[in-house]
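A short reminder: the numbers here are calculations on the coordinates, not readings from a lab. Please read all numbers here as calculations on a predicted model, not as lab measurements. Every residue, glycine among them, receives a Cβ derived from its backbone with ideal geometry; neighbour counts consider all protein chains shown.
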Amino acid sequence: MLFPELQLRIWLYLEPTDMRKSYDGLSSLVRTKLGENPAGGQLFVFINRRRTQVKTLYFDGSGYCVWSKRLERGTFHADVSSAQEVKHLLTWGDLKLILDGIDLKSIRRHKRYRALQRATVVA
């Protein structure tokens, strides 16, 4: 996965997704279910019901990119859902842990400094 911006917002869609969806189906899902702009430069992550496949959708400025991974054995562990949420904001590290098969609930996080993100001004 090659992404030019390291400060991407990464959204995990918490409901199971039909992995037959591609560019148009996933971008429609982003608009209708997540309430986000699929061409807004964010990364969207989808997992199927059996948790054996992941697809990501990203708009790089000139077109949509879809990246997918199917496991030959095991499942993805992305059980971060809470009541009434449809999406969950991930860090780049969280996404790498999910793809490596590490359960986010079993992680112990220590306090770290995080620079404040500057708000973008739209003129």
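What the table shows:
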read-out: Sites Lys105 and Ser62 - FRET efficiency at Förster radius 30 Å, r taken between beta-carbons, to 0.05; value: 0.20
read-out: Projected area averaged over orientations for the range 10-106, convex hull of C-alpha atoms, nm²; value: 6.1 nm²
read-out: Karplus-derived HN-Hα couplings along the range 95-105 (A = 6.51, B = -1.76, C = 1.60, θ = phi - 60°), whole Hz, x at Gly and Pro; value: 4, 5, 5, 4, 5, 8, x, 9, 6, 5, 6
read-out: Built amide H within the under 5 Å cut-off of Asn48, gap 5+; value: Thr17, Gln53
read-out: Karplus (6.51, -1.76, 1.60) ³J(HN,Hα), θ = phi - 60°, over the range 47-61, in Hz, Gly and Pro reported as x; value: 10, 7, 4, 7, 6, 10, 9, 10, 10, 10, 10, 8, 10, 8, x
read-out: Phi-based couplings in Hz for the range 18-33 (Karplus 6.51, -1.76, 1.60; Gly and Pro marked x); value: 6, 6, 6, 5, 10, 3, 5, x, 5, 5, 5, 4, 4, 5, 7, 8
